[in-house]
Amino acid sequence: MDHTADDIASAPLPTAKTLRARTNLFVQFERFLAINLKMAKIIRKEHR
C-alpha cells in the first residue's frame with residue numbers, strides 16, 4: 001500500500017516568515033555567498 005498522498009497531505013506547511021525569506025533576493029544572495037564560501041574553504045583545505 002502506497003501512503004505517499006497521505007504523507008504529503010500531512011507534511012507541515014512553511015510559515016509566512018519562511019516564504020518571505022525564500023522569495024527575498026537579499027536573503028537568497030546571502031545564502032548563496034555563504035554556501036559558496038563554505039565550498040571554497042573545503043576545496044582550499046583539500047588542495048594543500
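Quick notes on this one:
- Of all residues in region 1-14, exactly one satisfies the criterion of being among the acidic types (Asp, Glu) and part of a loop (DSSP other than H, G, I, E, B), namely Asp2.
- Residues that are at pLDDT 95 or above and not in a helix (DSSP H, G or I) within region 15-48 comprise Thr15, Asn24, listed in sequence order.
- Of all residue pairs spaced 6 or more apart or on separate chains, those with beta-carbon atoms under 9 Å, a first member in region 1-26 that is surrounded by 10 or more Cβ atoms within 10 Å (Cβ to Cβ) and a second member that is among the basic types (Lys, Arg) and modelled with pLDDT under 95 are Pro14/Arg22.
The values are calculated or read from the model by the stated rules, or taken from the named source; none is laboratory data. A quick note: this is a predicted structure, and the numbers were derived from the prediction, not measured. Using ideal geometry, Cβ is built from the backbone for each residue, glycine included, and neighbour counts are taken over all protein chains shown.
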